[in-house]
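Below is one structure, written out as structure tokens, with a few remarks after it.
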Amino acid sequence: MSDDQPVDLPISTTPPESEAVESTPSIPCRHLRNKGMFVYNGEVSSSSHDDYDNTIYWCVKTMKGYGPDDEMVSRDDCTSAERSCYEPF
Amino acid sequence: MPSVWPENPRLIGTRITRLDGLVKATGKAKYPSDMHPEGMLFGAMLYSPHAHAKIKSIDLAPAERMPGVKAVMIVGAIKPGSTLRFQGDDIAAVAAETEEQAWDAVLAIKVEYEVLPHVVTEAQAVAPGAASVFKGTGIVNNQKKARSQTNGDPEKALGAPGVVSIEANYMAPVITHVCLEPHGLTVRFVGEDKIEAWASTQAVGVTAGDLAGAFGIPTTNVTVHTEVMGGGFGSKFGADIWGITAAHLSKKAGGRPVKMFLDRAHEHLGAGNRPSAIAHVKLGASKDGKLVSLIAETSGTGGAGSGSNFPLPYVYAVPNSSRTHTDIFVNGGNARAMRAPGHPQGCIVMEAAMDDLADKLGIDPLEFRLKNLKERDMVEDGFSKPTVDRTPMYLDEVAMGADLIGWKAKWKPRGKNGDGPIRRGLGMALHQWGGGGPATNQVACTINPDGSVEMKSATQDIGTGARTIFAIIAAEVLGLNVTDITSNIGNSTFPPGQPSGGSTTTPAMSPPAFNAAILARDELFVKVAPGLNAKPEDLTLADGQVCVKGEPKLPWKDACRKLGQQSIQVTGKSSPGLASQHGGVGGCQFAEVSVDIETGVVRVKKIVAIQDTGLIIDKMTWETQVYGGVIGGLNYGLFEERVMDPTVGIMLNPDMELYKLAGASDIPEIVVRAYETPAMKARGVIGVGEPPTVSTAAAIGNAVSNAIGVRVPHWPMSPKNVLDALASKEGKA
Amino acid sequence: MADLEQKTKQGASRRDFLRGSGFAAATAVITGPAIASLDEAKAAEPEFKIVSDTTTLKLKVNGVDRTCEIEPRCTLLDTLRNRLDVTGPKRVCDRASCGACTVILDGDLVYSCTTLAISCGGKKVETVESFDSGVNSVPHAFVQNDGLMCGYCTPGFVTACKVMLDHNPNPTIDEVRKGVDGNICRCGTYVGVLQAALAAAKTMKGA
Amino acid sequence: MKAFEYVSTASADIAVKALGGVDGAILAGGTDLLSRMKDYVTTPKRVVDFNPQSVVQKETSPGGVPTWTILAGTTLADLLASKALREELPALWQAASEVGTPQIKNMATIAGNLLQRPRCWYYRSGFGLLSVKDGKNLLREGDNRYASIFHTDGDALFVAPSSLAVPLIALGASATILGPKGERTVMVSSLYQIPKRDSDRELTIGADEVLTKITLPAPQGKNATYEARQKQSHDWPLVLASVSLRFDGASVSQASIVIGGVAPIPYRAVEAEKAMFGKPVTLETAEAVAANAINGVKPLSGNVYKVALTKTVVKRALLAAVGNRYWEEV
């Protein structure tokens, strides 16, 4: 678009109360997986990008992006001992 | 003493045909989906027809009574009350004597669903009151914000006097991997606690570990074979639920092997995809073309899971920038890593904005890009030290590419490409990638008394030519022909090898292969030197001869015969200097297109791809990978799109017909050049599977805009998207 | 599947006859009586036979007479792969879109995924496994020109290429493209495929 | 695919008998039927593999107009192999050359092409021809990029899939159909109808009838087809148009203009045909005539682009008929 007005976006994403979650240093669940763990020396979070994280996580129990408790799988979500499915290393 | 690659190699870097080429080209190669062990049953899966549903009840009994059925089971933790989160979510599985019987039995399984409200498009997911895909930390209205990135004061910089800026939206859809061999495996449960599998996987070791873990048996009890496999592109990284299910079915059927491969629709729905990218971008530069500010709000969906983020700013130096990204969750299959995850999206967004701003500034977009490279852009050498500056590499590569596409002679400003129905246009884009490989793998090298040589490791070939790479390296060291070497890979019980992802296989496996061959050679020297009245250090190997101080003395086979009954077997590990561990490559691509402005049909006429990847082992398979990357990018640029229906929540094109992929007539002239200076070779081996697929779609999009005088903001460059963009321009005029 | 069971005892299909006598000729005109005589032949056919269960299929695969039990719904592809262990043809799209299942049926290039095996009774099936693989062959040219990566589409491409070259030994690159447009490669090996076809055309003439 | 009974015959009489009184389906080339059966969209109890002859011929009767006859089992490959057809019926030859792939051209027959079912992705997903669910028309409300732009007031929004129907209708072809009550001949255009209810078919041929041959008078002028599609390799046309023109000197005395990919039936652009009358075919007249082709167009939310495409395709088909291919790159 060299014009000043952009075309309409199909959506506008501004979830009002959502806060970005800083990654926590706590220990992830032992069932958490991402490809980088296998490809790059076992790092749980993708190490190759300092400024963004597009790591795709899955739970080895469900082989999906959500855990046995039906909640989301991520580096942030799978460090909580409060989750019924959480198992430390 | 650390090993170093030979200074004047005989084979490395030349054009060597693949060792397993003929067995593939004659149809004799047995893929995991071709296996038919004695007594094999055929597996089939029942998967969710709904985007979002609760299972009220499941009755397997009717399926169990069907003819030929040997085992039926519910998949994983599914039970009445379970939630299915996307069309294609797995429910149950069957093993039967014939495949037709297995399908019949799947149809006979009775499932009652409570259909729940769904969201399958980004717009649906973020609409007020939308149904929730799942719960999780920080998820609001199916959105989760990533950490925001801010450098400097982008708002202030953008508003400063004299700054020229654009504001634009760009969108790329979800695409799927479309591996030609579907995900799956043929598996046999042996006895009480052993498993043998033939899996279509990018990682034999991971798959073995998954199977062992699922059954609580030692990994040593599992053997996974992947002699050859039919494509993965990042999506085949383990046993998957289907593989584990098939192993359970085999166990239930008394150890009869079970073959379980997904059907094509299931493959689209549940076996991975590349997330979409939606971007609202403001980009500003000083009048003389120096970037000052980028403000970007982006989002994308990776389905019912994480991973839609992508790098932005990309490649160029932007002193002030702010970026917020939002993961949007929909009732769709999970994203999986797909050929340079994130980079093609980041490249499209950045490079489109670069072109649009260059146009507004009235500057040649090529010059504009060169002006805005980072002052220094340090990446790794072969010793993991950041000693290599990518900026001068980009300058050289762009010069090479511009020359090959004829930029100087052919490029005209946007919209100045004639007035007939067919408009020509040029576009370009830059990209980057890692492509190194970790130093954690091993290769065994065996020299037998009959002169035969085997290289062996638990890696696999996803099409990059791993067998051939091993053989070239061994033949180089041992003074033999490539065809004298046997490469055995694709077996999880072999010495640990690299999973094939992140363009890491060749850089991770070449160093241990080289060291294994050297160790084996040195051991051979020790054994044969006395018989030649020489010291081991006086011996060399060349042209199939053992040489003493450079003089050929003993043919290879005769030398090996002196081993008596004892083979030499050694295991090589990686060592510094042979390969880059994290890589850091750059490249550029140029596209020439013709656009029929009366039909919106885009034809790519030519692509030029320039790529650096350190030391190239096999120039032939290297080039093939670059061609393949470009063609993958051409598909992304022109054809591919997962189409979802918002009302019923299904994918409308889970096939290979309306999910469009290029055929031979869509392939343009493609010119590939390696940027292969002595300095590059000194970096050691770097992988090339991913980098050349990053910038093609961006370059094509830019070429289309250049041809028709207006930005087409939606990828792919379909007749619809092109005509819609032209119409919106006319509407404004 | 237009001319099933139209083989004469001499082995030439009616279509071969028509091609030879009618359409290969420049004017491509057949006079009325030709159709009339064929109609008479048709009228002599008996009442129809219904096959509803498993049945024995006999066909010649790569020069060998093969027999297996099939249901009417078994595709030729699944019969080859699942019942006869002929696994060169691959199942990829399973809907006549990608060409991985390509075989030669009585001399014609077809998709075996949308061909019923039962309709192939008595016919000759050739798959990639039967092709010459010597230095002047199409498979060899694929290797020499690296027209393959993962290799899963390759048998289909090789088959389409070989038939194209059998019919047109001097193809232009665009004719090669058209010849393999019924096949899709996801690794993106088309450049090597096109080079291989042109190279094979050259060497086959030299052979 | 569900199990079925199988009957194979080269005889139309037997095929009709075999179809009688059962839920049957004719297997022609197979690529369409078997794909639908694999998706459980069509689940016939009996499949009648009707494999008649592959014959194309031109007959001259003394004093009359020569007639082309194409028997039902004629494969596209055989159609394309006819040099005479290529010269005299370029509209048909061109359309056939753009259908499918080498493999499909060997398998597909003219009858199978004419009587294939819509490719509409809602129909193929099992939502029926009209794709109405809970009172909502899925195609109207969903992704309708490939859907109709004409006759969109009703619920049938899919497009007729046959590429060959378009030139055959423009050329005035007839179809001969055999049923239990004997033989009947209809215009090819009459093979298609716009279904009003989900139980209606878009084809007028009965479930116990078979198409046996296509006949058409040798054209007395010029004819051509132009097709626009996204991919150059195997793809479906977005829009295609066929024209058949008769001339009085340099001026058109009679025009047939038929468009595919724009309506649930092959769409006859009557107003464009009238507009063409009495004019020579030039860039200017073709442009003006093509503008008439979109009179009454009512595109859906996602296929407005097809309107411009339709104009272009009609214009180019007209110009192609007189040998003006202005759009081709030099």
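The values are calculated or read from the model by the stated rules, or taken from the named source; none is laboratory data. Owing to the predicted nature of the structure, the values given are computational and were not obtained by experimental measurement. Because the Cβ atoms are built from the backbone with ideal geometry, glycine has one as well, and the counts that use them run over all protein chains shown. The area values use the complete protein model at the heavy-atom level, side chains included, leaving out ligands, DNA and RNA. Shrake-Rupley method; radii C 1.70, N 1.55, O 1.52, S 1.80 Å.
Which condition number does B:LEU249 fail, the rest of (1) surrounded by 24 or more Cβ atoms within 10 Å (Cβ to Cβ); (2) in a loop (DSSP other than H, G, I, E, B) being met?
Here B:LEU249 clears every test but (2).
Go through segment B:376-395 and report how many residues are open to solvent by 70 Å² or more (accessible area, probe 1.4 Å) and assigned to a helix (DSSP H, G or I).
Residues that pass the stated criteria total 1.
Taking segment B:80-129 as the region of interest, how many residues are more than 14 Å from chain A (Cβ to nearest Cβ) and hydrophobic (A, V, I, L, M, F, W, C)?
13
Identify all residues within segment A:64-82 that are at the interface with another protein chain (Cβ under 10 Å from one of its Cβ atoms), on the phi < 0 side of the Ramachandran plot and in a loop (DSSP other than H, G, I, E, B); write none if there are none.
A:GLY65, A:GLY67, A:PRO68, A:ASP69, A:GLU71, A:VAL73, A:SER74, A:ARG75, A:ASP76, A:SER80 - these are the residues of segment A:64-82 that are at the interface with another protein chain (Cβ under 10 Å from one of its Cβ atoms), on the phi < 0 side of the Ramachandran plot and in a loop (DSSP other than H, G, I, E, B).
Consider segment B:164-193. How many of its residues are acidic (Asp, Glu) and buried (at least 24 other Cβ atoms within 10 Å of the Cβ)?
Final tally of qualifying residues: 1.
Kindly indicate the residue of segment D:283-305 that is surrounded by 14 or more Cβ atoms within 10 Å (Cβ to Cβ) and within 20 Å of B:ILE422 (Cβ to Cβ) and also farthest from the other protein chains (Cβ to nearest Cβ) among those meeting that condition.
Here the residue is D:ALA286.
Within segment B:521-546, can you find the residues that are over 19 Å from B:THR446 (Cβ atoms) and of a type in the set (A, V, I, L, M)?
Selection gives B:ALA529, B:LEU532, B:ALA534, B:LEU539, B:ALA542.
Filter segment B:653-680 down to the residues that are among the charged types (D, E, K, R), surrounded by 19 or more Cβ atoms within 10 Å (Cβ to Cβ) and in contact (Cβ under 8 Å) with a residue 60 or more places away in the chain, then identify the one that is nearest to C:LEU194 (Cα to Cα).
B:ASP666
Specify which of the listed residues (B:THR201, B:THR207) is β-branched (Val, Ile, Thr), under 22 Å from B:ASN441 (Cβ atoms), open to solvent by less than 10 Å² (accessible area, probe 1.4 Å) and part of a loop (DSSP other than H, G, I, E, B).
Unique residue meeting the criteria: B:THR201.
Mind checking whether some residue in segment B:276-297 is part of a loop (DSSP other than H, G, I, E, B), more than 9 Å from every other protein chain (Cβ to nearest Cβ), among the aliphatic types (A, V, I, L, M) and surrounded by 24 or more Cβ atoms within 10 Å (Cβ to Cβ)?
no
Which ones in segment B:219-244 are open to solvent by 20 Å² or more (accessible area, probe 1.4 Å) and under 17 Å from B:ALA458 (Cα atoms)?
B:THR219, B:THR220, B:ASN221, B:THR223, B:HIS225, B:GLU227
Scan segment A:48-67 residue by residue and report those that are modelled with pLDDT of 90 or more and either out of contact with any Gly (no Cβ under 8 Å at 6 or more places or on another chain) or over 19 Å from B:VAL330 (Cα atoms) (or both).
A:VAL60, A:LYS61, A:GLY67
Of the residues that sit in segment B:551-604 and are of a type in the set (S, T, N, Q) and in a loop (DSSP other than H, G, I, E, B), which one is nearest to the other protein chains (Cβ to nearest Cβ)?
If we take residues in segment B:551-604 being of a type in the set (S, T, N, Q) and in a loop (DSSP other than H, G, I, E, B), then B:THR599 is nearest to the other protein chains (Cβ to nearest Cβ).
How many residues, within segment B:453-486, are within 22 Å of B:GLY205 (Cβ to Cβ) and outside any helix (DSSP H, G or I)?
Selection size over segment B:453-486: 13.
Just to check your reading of the model, which residue among D:ALA160, D:ALA147, D:ALA84 is closer than 22 Å to D:ILE257 by Cα and touching a strand residue (DSSP E or B) at 6+ places or on another chain (Cβ under 7 Å)?
Of the residues listed, the single one that is closer than 22 Å to D:ILE257 by Cα and touching a strand residue (DSSP E or B) at 6+ places or on another chain (Cβ under 7 Å) is D:ALA160.
Quick check on segment B:28-37. Is at least one of its residues part of a loop (DSSP other than H, G, I, E, B), away from chain C (no Cβ under 13 Å) and over 29 Å from the mean Cα position of the chain (by Cα)?
No, there is no match, as no residue in segment B:28-37 is part of a loop (DSSP other than H, G, I, E, B), away from chain C (no Cβ under 13 Å) and over 29 Å from the mean Cα position of the chain (by Cα).
Of all residues being part of a helix (DSSP H, G or I) and open to solvent by 10 Å² or more (accessible area, probe 1.4 Å) in segment D:17-32, which is nearest to the other protein chains (Cβ to nearest Cβ)? Just the residue, please.
Residue satisfying both the conditions and the ranking: D:THR31.
Considering (1) without any contact (Cβ under 8 Å) to a residue 40 or more places away in the chain; (2) more than 14 Å from every other protein chain (Cβ to nearest Cβ); (3) assigned to a loop (DSSP other than H, G, I, E, B), say which one B:ASP450 fails and leave the rest.
All conditions are met except number (1).
Being at pLDDT 95 or above, crowded, with 23+ Cβ neighbours inside 10 Å and either more than 30 Å from D:VAL307 (Cα to Cα) or out of contact with any strand residue (DSSP E or B) (no Cβ under 6 Å at 6 or more places or on another chain) (or both) is true for just one of B:ALA591, B:ALA559. Which residue is that?
B:ALA559
Search segment C:61-85 for residues being within 13 Å of chain B (Cβ to nearest Cβ) and over 24 Å from B:ASP104 (Cβ atoms), and hand back the single one that is least open to solvent (accessible area, probe 1.4 Å).
It comes out as C:VAL61.
Restricting the search to segment D:43-68, which residues are farther than 30 Å from C:ILE118 by Cα, of a type in the set (Ser, Thr, Tyr) and either without any contact (Cβ under 8 Å) to a residue 60 or more places away in the chain or surrounded by 18 or more Cβ atoms within 10 Å (Cβ to Cβ) (or both)?
Within segment D:43-68, D:THR60, D:SER61 meet the criteria.
So D:GLY154 passes all but one of these: (1) open to solvent by 30 Å² or more (accessible area, probe 1.4 Å); (2) touching a Lys or Arg at 6+ places or on another chain (Cβ under 7 Å); (3) under 30 Å from D:THR9 (Cα atoms). Which condition number does it fail?
Just one mismatch for D:GLY154, condition (3).
Can you spot a residue in segment D:238-252 that is open to solvent by less than 40 Å² (accessible area, probe 1.4 Å) and assigned to a loop (DSSP other than H, G, I, E, B)?
Yes, segment D:238-252 contains a residue that is open to solvent by less than 40 Å² (accessible area, probe 1.4 Å) and assigned to a loop (DSSP other than H, G, I, E, B).
Counting residues that are farther than 21 Å from A:GLY65 by Cα and open to solvent by 30 Å² or more (accessible area, probe 1.4 Å), which helices (runs of 4 or more DSSP H) fully inside segment B:76-159 reach at least 3?
The qualifying helices (runs of 4 or more DSSP H) are B:99-108, B:154-159.
Just wondering, is there one or more residues in segment B:547-555 that are in contact (Cβ under 8 Å) with a residue 12 or more places away in the chain, under 18 Å from B:CYS445 (Cβ atoms) and not assigned by TED's automatic domain parsing to the domain that holds B:ILE686?
no
If you take just the helices (runs of 4 or more DSSP H) that sit entirely in segment C:101-207, which of them hold at least 2 residues that are within 14 Å of chain D (Cβ to nearest Cβ), surrounded by fewer than 24 Cβ atoms within 10 Å (Cβ to Cβ) and at negative phi?
Filter on segment C:101-207 gives C:154-167, C:173-179.
What pairs come up if the first residue lies in segment B:3-31 and is in the same structural domain as B:PRO507 (by TED's automatic domain parsing), the second is assigned to a loop (DSSP other than H, G, I, E, B) and at pLDDT below 95, and their beta carbons are under 8 Å apart, counting only those six or more places apart or on different chains?
That search, which allows pairs on different chains as well, returns nothing.
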